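Contents: one structure, followed by commentary.
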Amino acid sequence: MMAIMNPGVADSWLDLAGQFLSLYGVVLLVLVIVLVSVGLLFEFLNARHPERKIQKGRTNKRKWKELYQAPGSLAIIAFCFSGGLFAQMKGWTITPFDLNWWTGPLFLGVSVVLYDAWFYWVHRLLHCKPFYRFHALHHKSLAPTVWSNHNESLTEAFLNQAFYLIIPFILPIPWQMLVLQKLYDQVSGMLGHAGFEHFASPAGRAPFPLASTVFHDQHHSHFAYNYGHTFSIWDRVLGTLYPKYDDTLASFEADKPASPGKPEESAG
Ligand SMILES: [Zn+2]
Ligand SMILES: [Zn+2]
């Protein structure tokens, strides 16, 4: 890593390519480890808590079809993330702040808020007719599983992840926070597709801004609602929140009956 972080030294194109590929390989490896470990963890949790299943008739039978798309998706994610990080390490972006007690939380928070806005609008764009062909694959999962996060076209993956290519050029975020955000993004993406609501809490519903697993699950089952990522704010403000979202999430909170209310339609 230190060999990469040396902006004062001019490298040949061959050196640059080698350094980038080294970084890309490390990032890809970490993404694969996160995918497998988080996926298996949620499969374990799901098996232990069948009462938390969101769409009661759902099955896991699309798992291998969804995983078939994962290598391409992960390759694009690794490319975009490594590209932005590499540019920052080489000094080609605006100069990032050093990490300290205030720059870390501040820039991580700003970046997460910006990514949520980016995700919402890219997602709305993908639901417009000319662009939907790039998103249709992801919506084949009416009842998502933890493996559905990477069931996406390469174009969709690139449009979402281009954020990580761009953000180091406009936000002086310490590189450690970029890494933390990417890890959060990978885990939260899988959590949003887990199909089981393990973390129901009032923080995920009005008047609080956070989303939940139910939130994105309803995007898959009801299609034209809940486009956001970490927060429900854009959907609430722009009228795209699924009308029963808050009530459904509340039904999963502790001491509530297992049934989330009206059964959602499901597919495997
Ligand atoms: Zn969608
Ligand atoms: Zn999804």
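The numbers here are math on the coordinates, done by the rules we state, and not lab data. Fair warning: this is a prediction, and the values are worked out from it, not measured in the lab. Because the Cβ atoms are built from the backbone with ideal geometry, glycine has one as well, and the counts that use them run over all protein chains shown.
Things to note:
- Most mobile of Ala78, Ala200, Ala250 in a GNM of the chain (Cα contacts under 10 Å): Ala250
- Reach of Lys182 by Cα under 20 Å, taken over aspartates and glutamates that are not fewer than 8 positions away in the same chain: Asp98, Asp116, Glu152, Glu156
- Straight-distance crosslink candidates among aspartates and glutamates, where the alpha carbon sits under 12 Å from Lys244 and sequence neighbours closer than 8 are dropped: Glu264
- Cross-link check: pairs Lys56/Lys140; Lys53/Lys129; Lys53/Lys140 evaluated at a Cα-Cα cut-off of 26 Å; pairs beyond the cut-off: Lys53/Lys129.
- The stretch 50-96: C-alpha gyration tensor shape, a/c 1.5 cut-off, then a/b vs b/c: oblate
- Taking a straight line from the alpha carbon of Lys90, these aspartates and glutamates sit under 13 Å away, with near neighbours fewer than eight places off in the same chain left out: Asp11, Asp15.
- Taking Gln176, Gln88, Gln69 as the candidate residues, the one with maximal mean-square fluctuation in a Gaussian network model of the chain, Cα springs under 10 Å, is Gln176.
- Rounded, prolate or oblate (a/c below 1.5 giving rounded, otherwise prolate when a/b exceeds b/c) for the stretch 195-238 by Cα gyration tensor: oblate
- Residue with peak Gaussian network fluctuation, the chain [Cα springs, cutoff 10 Å], from His49, His127, His198: His49
- Averaging Cα coordinates gives a centre for the stretch 163-193 and one for the stretch 36-93; these two points are 14 Å apart.
- The mean sequence separation of alpha-carbon pairs under 8 Å and at least six residues apart, normalised by the residue count of the chain, gives a relative contact order of 26 percent.
- Above 24 Å, the calculated P(r) of the chain contains 51 percent of its Cα-Cα pairs.
- Degrees between helix 175-192 axis and first principal axis of the chain (Cα, 0 to 90, nearest 10): 20 degrees
- Glu253/Ala17 FRET efficiency (R0 35 Å; Cβ-Cβ; nearest 0.05): 0.10
- Over the stretch 140-204, Cα pairs under 8 Å with separation of 6+ residues give a relative contact order of 69 percent.
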